[in-house]
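Encoded as structure tokens, the structure appears first; notes follow it.
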Amino acid sequence: MEIFHISAECYPMAKVGGLADVVGALPKYQTNAGHKLRVVVPCYDTKFRNENEFEYVHWGSVTLGNFEFPFSVLKETTDKLGYELYLIEIKELFDRPNVYGYEDDIERFVSFQIAALDWISGRKIVPAVINCHDHHTGLIPFLLKYAYKYENLREVRTVITIHNGLYQGWFGFDKLHYLPEFDLIHVGFLEWGNSLNSLAVGIKCANFVTTVSPSYLNEINISANGLESLFNSVRTKSRGILNGIDIEVWDPSKDKMIIKNYSLESSEIGKQKNKEKLCEQFELDPSKPLFSFIGRLFEEKGGDLLPQVSALALSENFENINILILGSGNSVIEDQLVQLRNDYKGNYNVFIGYNEELAHLIYAGSDFILMPSRVEPCGLNQMYALRYGTIPIVRRTGGLRDTVIDFGDDGNGICHDQASVGDICYSVNRAVKLYDDKINFNKIRKIGMETDHSWERVCQEYIEIYNLIIEKNEI
């Protein structure tokens, strides 16, 4: 079948978080399963866009109220990602380096969705399924059903995959005229909480709703930033599917971004070589256990806890541990983390920003990865860590609950229940004791490396859903 994935992010074209990794990997495995995949994302001014070859395949224009924006559709010419990648180029709106964070984000992503559907509507072949991702594409299921101009796409089935339900794409009714014309009798599908809510629209109108882990599906029925009752009402057309990871990209035996490749059998030597390089780069002691954090520095990820956790853990274990943090986000948290360098030089360091090569080296060279998330719909970092023989220390929530089992229960990691300084530091102390017990430490490390989080199983679950909604023949 022909399947479109439409998303704000796709690695390696544009990445902010795990959404990009999923959209960059799942279509490749669906292609390998025999389907025709096309991925559509905005044409940002990124390194990938500038360093790769694209051809123009379509031109058009989008009207938002009184404004008209010419757009183009570009295709990556080599299909080297394992699927066809298309970019929607709207120079007035997307020729910028960042994915999000602009005052006109509503205009940007509304126009992106309309341009994508205009192009798809003008093609000779109608796709079987469009898989939308998060609120940035949440209007698509509604437009396919009710916008007059897309009548030829009425039979296209839609799935919306929710990577993070906290962000919902709200905007006021004063911007309703941005949307292509439709019968106003259907306007209720757009409204939630006295505003237009893009995520709610997608949930209401899509043929199926998926979340990126089973536990997250349960959690958003209880806590979903105002959409709890809506999620409960669509439970019969919902499923939680745990994300996978691209085991070709994340493979310590072949990874070109790390210093020393290693397999399960050679993991002790390989990880030590990478640890030595990492510690040399950040002036840390490779003889001590290395605790790392990779991610966005926001409350959602427990980033606000890291300064106090780091200070307390280092005060209690100053001679015994190293801490390394890679991330960016809240400027106050960033400043606090940078300030700690002065107090714990030789045992602590921080890199503000994001660097893909450094992230790979941290997974390969660290002993433990900290994930104290308050909200974690799926989480990929713990899967990368397990794949690289790095033991995750996680709060039991969302996908972390589904993938990490405490070593006290013969599992692959260290778990705690609260996003609190006390719980995290208690887990760090448990980790220090585990590190000193080399037999059990290496045993748990190898259990993690043997855990299968590849995309093959996940791919088949999505295909089952696509077939289900096609067979139901409901518009």
Review point. Take the residues of region 242-267 that are in contact with a Ser or Thr (Cβ under 7 Å, 6 or more places away or on another chain) and surrounded by fewer than 20 Cβ atoms within 10 Å (Cβ to Cβ): which is nearest to residue 446 (Cα to Cα)?
Key: 263
Check your understanding: Within region 61-163, which helices (runs of 4 or more DSSP H) (wholly inside it) include 1 or more residues that are at pLDDT below 95 and in contact with a Pro (Cβ under 9 Å, 6 or more places away or on another chain)?
Key -> 91-94
**Study point:** Matching residues, region 61-93, being touching a residue at least 24 places away in the same chain (Cβ under 8 Å), among the β-branched types (Val, Ile, Thr) and surrounded by 13 or more Cβ atoms within 10 Å (Cβ to Cβ)
**Key:** 62, 73, 88, 90
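Give the residues of region 237-257 that are among the polar types (S, T, N, Q) and out of contact with any strand residue (DSSP E or B) (no Cβ under 6 Å at 6 or more places or on another chain), sorted by residue number.
243, 253
So that you can scan it fast, the table gives a plain yes or no per residue for (1) under 20 Å from residue 414 (Cβ atoms); (2) modelled with pLDDT under 95; (3) not small (Gly, Ala, Ser):
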site	(1), (2), (3)
317	yes, yes, yes
335	no, no, yes
338	no, no, yes
353	no, yes, no
363	yes, no, yes
387	yes, no, yes
391	yes, no, yes
Practice item. Only one of these is assigned to a loop (DSSP other than H, G, I, E, B) and closer than 21 Å to residue 252 by Cβ: 264, 326. Name it. Key: 264
Exercise for review: Might you let me know whether region 297-307 holds any residue that is touching a Leu at 6+ places or on another chain (Cβ under 8 Å) and at pLDDT below 95?
Suggested key: yes
Study note, to complete from the structure: Across (1) surrounded by 20 or more Cβ atoms within 10 Å (Cβ to Cβ); (2) assigned to a helix (DSSP H, G or I), residue 315 clears everything bar (1)
Exercise for review: Scan region 14-51 residue by residue and report those that are more than 22 Å from residue 163 (Cα to Cα) and of a type in the set (Gly, Ala, Ser).
Suggested key: 33, 34
Exercise for review: Could you please let me know if residue 45 is in the same structural domain as residue 130 (by TED's automatic domain parsing) and out of contact with any Asp or Glu (no Cβ under 7 Å at 6 or more places or on another chain)?
Suggested key: no
Review point. Of all the helices (runs of 4 or more DSSP H) wholly in region 371-475, which have at least 2 residues that are under 17 Å from residue 271 (Cα atoms) and in the same structural domain as residue 325 (by TED's automatic domain parsing)?
Key: 381-387, 421-436, 438-450
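The values are calculated or read from the model by the stated rules, or taken from the named source; none is laboratory data. Owing to the predicted nature of the structure, the values given are computational and were not obtained by experimental measurement. Note that we place each Cβ from the backbone using ideal geometry, even for glycine, and neighbour counts take in every protein chain shown.
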